[in-house]
Amino acid sequence: MDNTILANSAISTRYPDGGSSMSYLAAFISHSWEMGKKFVISDGLRFNYVGLNSTFNDKTFYPFLSNTLTQYNTALNGNLGIVFNPIKQLKLYANASTAFRAPNVDDINKVFDSKAGEALITPNPDLKPERTNNFELGFSTLISKKVKLEASLFYTQIQDAIIQLPSKLNGLDSAVYSGKNTKVYSHQNAQEAYIHGYNLQSFNSSLNFTYGRIKTNTAETPLDHIPPMFGRTAITYHLKKLSIEGSSIYHGWKRIEDFNLAGEDNQVYATPKGSPAWYTLNLKAQYTLDKIGRTQLQIGIDNLMDTQYRVFASGVSAAGRNIWVCFRVKI
């Protein structure tokens, strides 16, 4: 039986621009308890402080902004985890934790993403931190000496989720912005949201699925920033000094009904049915030129089929076929 206790603290201040600053203070303590050879329990506590100060010196184009904005937020978070090794080749684990994210300058004074005729995004000085409860179950097992299988399920409950919702400016739900009548939005704290999904890994492959929804009094709406199912599969061949890898990166469909139309999913760049599924094929090789492995020549082709695709929520299409060469020397 073994106990390990760690404690630490940190203070930092960041200045994203000349008129804004954020200060951070954190202190934590963690504890690990080995109960024989099969059980390990870990737990910890973390105190967080986040201070924000923002000043707009020039409000020529945004007269509705406040001159200054100040916030101070604190939170005490914890975690508890257990690992169980019933046999040498199998590990089972479960984790539970709490977390919070304080609003940053961009969240509170969000204005620069406004688009005339579509959305006028106004600041919200009353924005509160997001808080989450997180749960995870998983396992990993060795099928053979070279094959490992891992899988995990996760669920996150979000309280006071920060999302973009319709708002009002001077009592009105729309305003004239750059000469066009534009709906008013702001970042607000939703009542509750949740995210769940899974992750699978085996050989040189991984697969990830995530699902997120915002709960309201009447219905559930999609949470933004939720990617479609995505993954990567690779096959590697080693022969003395030569290594060759073929891989594929793939994304599933993001249907239009799963987009958050008021958020930042960039549905304007999607098709009427959503963001199509896509995959790429990639090939790379590495050859070691000397006996001690300090000099290597690498060559690769990304997106071998020159597929045209767009990563979910991106405003631009991804690169086409790309050929690269790298000469590496370790000194």
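At a glance:
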quantity	calculated
Nitroxide proxy distance, nm - points 7 Å out along Cα→Cβ at Asp106 and Asp173	2.9 nm
Cα principal axis extents for region 228-331, largest first, Å	58, 24, 21
Burial ranking of peptide ranges 189-198, 146-155 (average Cβ count within 10 Å, highest at the top)	189-198, 146-155
Gain in span if fully extended, Ala219 to Thr307, counting 0.36 nm per residue against the direct Cα distance	27.9 nm
Straight-distance crosslink candidates among aspartates and glutamates, where the alpha carbon sits under 17 Å from Lys240 and sequence neighbours closer than 8 are dropped	Asp290
Spacing of the two label points (7 Å from each Cα toward its C-beta) at Gln89 and Asn133, in nm	3.8 nm
Pairwise centroid distance, computed over Cα atoms, of region 92-137 with region 40-56, Å	15 Å
Residues Thr74, Thr280, Thr271, Thr218 arranged by fewest to most Cβ contacts within 10 Å	Thr218, Thr271, Thr74, Thr280
Nearest-20 debye value, region 228-331 charge dipole, Cβ charges on Lys, Arg, Asp, Glu	640 debye
In Hz, Karplus ³J(HN,Hα) per residue of region 229-237 (6.51, -1.76, 1.60; θ = phi - 60°; x = Gly, Pro)	4, 8, x, 8, 10, 9, 10, 10, 10
CD proxy at 222 nm, helix term only [per DSSP H run n ≥ 4: -39500 (n - 2.57); per residue of the chain; nearest 500]	0 deg cm²/dmol
Structure-derived Cα Rg over 2.2 N^0.38 Å - corresponding label in (1) 1.24; (2) 1.00; (3) 1.19	(1)
Within the chain: Cβ-based charge dipole about Cα centre, in debye rounded to nearest 20 (Lys, Arg +1; Asp, Glu -1)	1440 debye
Listed pairs Lys91/Lys146; Lys128/Lys273; Lys145/Lys291; Lys88/Lys291 exceeding 25 Å between Cα atoms	Lys128/Lys273; Lys145/Lys291; Lys88/Lys291
Extreme residue, positive dipole direction of the chain, given options Ala313, Ala270, Phe84 (C-beta unit charges)	Phe84
Whichever lysines have a C-alpha closer than 19 Å to that of Lys183, once near sequence neighbours (fewer than 8 apart) are set aside	Lys110, Lys115, Lys168
Mean-position separation - Cα centroids, region 250-279 and region 146-210, in angstrom	14 Å
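Read-outs throughout are calculated quantities, based only on the coordinates presented, and are distinct from any laboratory measurement. Small disclaimer: the values here were computed from a predicted structure and weren't measured. Cβ: placed from backbone, ideal geometry, glycine included. Neighbour counts: every protein chain shown.
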